[in-house]
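Worksheet: one structure, shown below.
The values are calculated or read from the model by the stated rules, or taken from the named source; none is laboratory data. All of these numbers come straight from a predicted model, not from anything done at the bench. Cβ atoms come from the backbone with ideal geometry, glycine included; neighbour counts cover every protein chain shown.
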Amino acid sequence: MKILSSPTFGIIILMAGMSLISTVGAATASTITTGVTAIAAPPTLPEPVLKEIAKDAPNLARRGEAVMRFIGIKVYDIRLWTASMIHTYSEPFALELVYDLGFKGKDIADRSVTEMRKQGYNDETKLKRWGEMMGRIFPDIRKGDTLIGVSIPGKEIRFYTREKFIAAESDMEFAKAFFDIWLSEKTSEPKLRQRLLGLN
């Protein structure tokens, strides 16, 4: 795993995640039950990220977008960027989260592991390793911070802020488990998934 050290700053994520956090940094996705709405968004990913991924993930276009809210409070904007009209794990894609609230990176990592379990990942040794890895990668989030996860099939998952590269991980099982939080049919936010995939 490659990690670029940097000062503490807020992120998306990645991430994680949709079910990652509440207004106090601990709610699950199942508690995020308010409406998912369409949002206005820029036509491309941030320029520094586009330059970084140009070779491995060119021509990504915004496929779908939504807003996650918790008891009426906006948590984040989320956007899916793909190279073709239909999302598939066999092609490069990116998931971008722009946060409207602040959270601890460790809380995001812990919530991500919980959501992975819900998707059917039950190897506790792997989940522990993934949780520790995410805990090292994800910094604390401030309002307005962005986290972008990029999937490069057969190679790695990369994490970026709006301005720079954060880390890369070559464990593609982890990559799928991470993105499944939002994109799997088992997601706890099916309406959000539908908007991301352009299914409604």
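Brief remarks follow.
- Considering Arg79, Arg111, the condition of being under 16 Å from the mean Cα position of the chain (by Cα), modelled with pLDDT of 95 or more, surrounded by 19 or more Cβ atoms within 10 Å (Cβ to Cβ) and not polar (S, T, N, Q) is satisfied by Arg79 alone.
- Condition check for Lys104: basic (Lys, Arg), at pLDDT below 95 and more than 18 Å from Leu199 (Cα to Cα): yes
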